[in-house]
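To start, the structure itself, in structure tokens.
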Amino acid sequence: MKSLENKKLYERIAELNEQLKEAKNENLILKQSQKELEELRYSHKKVIEEYQKAKNEYQSLIDELQSLKKQYKKDYEVLLKRLSKTVN
């Protein structure tokens with residue numbers, strides 16, 4: 001009787017050890033996945049920062065171009081007035 005009970009206990013211990021091993025493997029996988037997720041979040045944050053920086057630089061260039069265009073129009077009008085004065 002005792003040997004049957006001992007056998008069942010050893011089998012149960014073996015099952016629990018196997019479950020523990022599987023749980024440890026799953027825990028390791030979850031930790032690795034969590035680390036990868038954190039790396040992806042950090043990478044995503046950096047990409048957004050770089051995008052915003054590029055967007056701001058692009059907008060700055062557009063503003064500068066518009067300013068130069070206005071200045072060009074003013075200079076062109078002044079030049080036309082000077083030319084018309086010299087021709088007349």
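The values are calculated or read from the model by the stated rules, or taken from the named source; none is laboratory data. Just so it is clear, the structure is predicted and the values come from calculations on it, not from any experiment. Accessible surface areas use protein heavy atoms only, side chains included; no ligands, DNA or RNA. Shrake-Rupley method; radii C 1.70, N 1.55, O 1.52, S 1.80 Å.
So if I check each of Leu61, Leu83, Leu79, which one is among the hydrophobic types (A, V, I, L, M, F, W, C), modelled with pLDDT of 95 or more and assigned to a helix (DSSP H, G or I)?
On the way: Leu83 fails: modelled with pLDDT of 95 or more; Leu79 fails: modelled with pLDDT of 95 or more.
One residue alone meets the criteria, Leu61.
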Handout entry: All positions within the range 43-56 that are open to solvent by 100 Å² or more (accessible area, probe 1.4 Å) and either of a type in the set (Asp, Glu) or not in a helix (DSSP H, G or I) (or both)
Key = Glu50
